Amino acid sequence: MITNRFSEFKSRIVRASSWAIGGHVLSQLIRLASNMIMTRLLVPEMFGVIAIANVFILGLAMFSDLGLKQNIVQSSRGTNPVFLNTIWSIQIIRGFIIGTAAFSMAYGVYYVSQTGLIDSGNVYADPVLPLVIAVLAFGPIISGFESTKLATANRNISLGKITIIEVLAQLAGIVLMLAWVYQERSIWALVAGSLFSVLTKTCLSHLMLQGESNRLQWDKNSLREAFHFGKWIFLSSILGFLINSGDKLLFGAIFSSELLGIYSIAALMIGAMQGVIFKLISTVAFPALGEVNRLQPERIKSIYYKIRQPIDILCLFAAGFLFMQGGAIINLLYDDRYSEAGIMLEILSLGLLIIRFGVAGQFYMVCGQPKIMSILIATRLCFMIMFIPLGFSINQHIGAIWGLLFAGFPGLLLSFYYKKKFGILDMRNELRVLPAFAAGVVIGFALQNIGFN
């Protein structure tokens, strides 16, 4: 019976991984194709402004994150209609709070820019930025109405329709964006596409997934559980936002709109790779480890490394390959205005050496220890705040990007400490995948010598 159950569980993991990887690769190819078109029709400054505006919206979302979807995945009440409806109600309220805060922030940016306190050479002084933030504020309000069926499907490691919904929503946004830019080459094409994608995903979450429809409901026990679980998620999300978007926030203060736009292209390219890893970690590793922890906790160490192995190999190989071929890829896909994104991509690619350890964070979550995630993220944030300005003082924007990279390595020592403490550290498994990095470097180097550049 146990063997059959594990075999069925393994089958679901493989199927879910296939959907997660396949869907994300397709999504990134679509995104890359649209980005290549848009970079030829719009100027780099527009991408710098939209990058900062999105950071503001994302920041507000992360600063109010209670881990509602993660709670549905890990909670024993994750299928209870009362619990789900309460979560949905909280989610709607949160969406309106974020939207209102974004409107206020837009006015704040406008007011400060009018006072002359902002250096006219950086992104924050761009006159269109406040209005872009204000319009994008409708995004979190719309997404607040997303059905909890998405989180329930994730809990069951059933990713097929979730992937289809995400791809369809992305395509809808891109079609509108391209139609808009065909009529008018302005930043509003990017804004309209983003909002329409959010609207499409919200509608499809109610229409395409099975399960009971959500309705407004307020249950005190469900509310108490949500906030008890969410208090550490809240802190981790704030710190996570500062880590994941702190580069753009800091670079926005020292880079011009054009340079930040070029950096955003490099960030987009490495983000495509990181997105595959994050997708696997959040939609496969987290629910899988959660189920093992509930049903067979004695197997969690072996399952942890079985999940880690393909993620490690993918990250290590990609890091080595992109480090050697990042410049060639940028030159192949973009025009000369974005050529400097090549060296940026090569530096950023080494960050994949760190991202692969994200599975450990999901382990701490399912074990009810989200505070460890907060400690690890806070450690990296402290070094980032120190290293980025230091790198900039040494070698301008390239030095700042090196500073961003090096900020991630000190936290690895702390991560190994916690893994040993919780009994999931196995140095043999940690070391056996390292040749994948060398393989990536060798193949990248070989392509250079046969004239791929």
Problem - Only one of Phe437, Phe406 that is without any contact (Cβ under 8 Å) to a residue 60 or more places away in the chain and more than 22 Å from Ser339 (Cβ to Cβ) - result: Phe406
Problem - Near pairs, Cβ below 9 angstrom, 6+ apart or cross-chain, from the range 280-294 (farther than 10 Å from Tyr304 by Cβ and surrounded by fewer than 24 Cβ atoms within 10 Å (Cβ to Cβ)) to any residue that is modelled with pLDDT under 70 and aromatic (Phe, Trp, Tyr) - result: Glu291/Phe9
Handout entry: Which numbered condition Val14 fails, given (1) at pLDDT 70 or above; (2) among the hydrophobic types (A, V, I, L, M, F, W, C); (3) surrounded by fewer than 19 Cβ atoms within 10 Å (Cβ to Cβ); (4) more than 30 Å from Glu184 (Cα to Cα)
Key = (1)
Handout entry: Failed item in (1) free of Cβ contacts under 8 Å to residues at least 24 places away in the same chain; (2) closer than 28 Å to Ala328 by Cα; (3) hydrophobic (A, V, I, L, M, F, W, C), with Leu390 passing the rest
Key = (2)
Exercise for the section: Kindly establish whether Arg185 is among the basic types (Lys, Arg), touching a residue at least 40 places away in the same chain (Cβ under 8 Å), under 23 Å from Arg40 (Cα atoms) and touching a helix residue (DSSP H, G or I) at 6+ places or on another chain (Cβ under 7 Å). Expected result: yes
Problem - Residue list for the range 406-426, restricted to those being crowded, with 20+ Cβ neighbours inside 10 Å and under 17 Å from Met344 (Cα atoms) - result: Ala407, Gly408
Practice task
Return the total of residues in the range 182-213 being surrounded by 19 or more Cβ atoms within 10 Å (Cβ to Cβ) and aromatic (Phe, Trp, Tyr).
Solution key: 1
Practice task
May I ask you to list the residues in the range 301-358 that are part of a helix (DSSP H, G or I), of a type in the set (Phe, Trp, Tyr) and over 18 Å from Ala33 (Cα atoms)?
Solution key: Tyr304, Tyr305, Phe317, Phe321, Phe323
Practice task
Please list, ordered by first then second residue, the pairs with beta carbon atoms under 6 Å, 6 or more apart or interchain, first in the range 89-108 and over 12 Å from Gly139 (Cα atoms), second part of a helix (DSSP H, G or I) and among the small types (Gly, Ala, Ser).
Solution key: Ala106/Ala134
Exercise for the section: Take Ile262 and decide whether it is at pLDDT 75 or above, buried (at least 21 other Cβ atoms within 10 Å of the Cβ), under 25 Å from Ile398 (Cβ atoms) and β-branched (Val, Ile, Thr). Expected result: yes
Exercise for the section: Consider only pairs whose beta carbons are under 6 Å apart and that are at least six residues apart or on different chains; among these, list those whose first residue lies in the range 138-153 and is among the charged types (D, E, K, R) and whose second residue is outside any helix (DSSP H, G or I). Expected result: Lys149/Leu209; Lys149/Gly211
Exercise for the section: Output yes when any residue across the range 382-390 is over 25 Å from Gly261 (Cα atoms) and in a helix (DSSP H, G or I), and no when none is. Expected result: yes
Exercise for the section: Say whether the condition of being touching a residue at least 12 places away in the same chain (Cβ under 8 Å), touching a Phe, Trp or Tyr at 6+ places or on another chain (Cβ under 6 Å) and among the polar types (S, T, N, Q) is met by at least one residue in the range 361-370. Expected result: yes
Practice task
Kindly indicate the residue of the range 141-160 that is of a type outside the set (S, T, N, Q) and in a loop (DSSP other than H, G, I, E, B) and also surrounded by the fewest Cβ atoms within 10 Å (Cβ to Cβ) among those meeting that condition.
Solution key: Phe145
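Answer yes or no as to whether Ser393 is assigned to a helix (DSSP H, G or I), at pLDDT below 80 and surrounded by fewer than 21 Cβ atoms within 10 Å (Cβ to Cβ).
No.
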Exercise for the section: Scan (1) over 21 Å from Gly271 (Cα atoms); (2) at pLDDT below 80; (3) assigned to a helix (DSSP H, G or I); (4) not hydrophobic (A, V, I, L, M, F, W, C) for the single condition Gly361 breaks and write down its number. Expected result: (1)
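The values are calculated or read from the model by the stated rules, or taken from the named source; none is laboratory data. Values in this document were obtained by computation on a predicted structure and should not be read as measured data. Note that each Cβ is placed from the backbone with ideal geometry, even for glycine, and that neighbours are counted across all protein chains shown.
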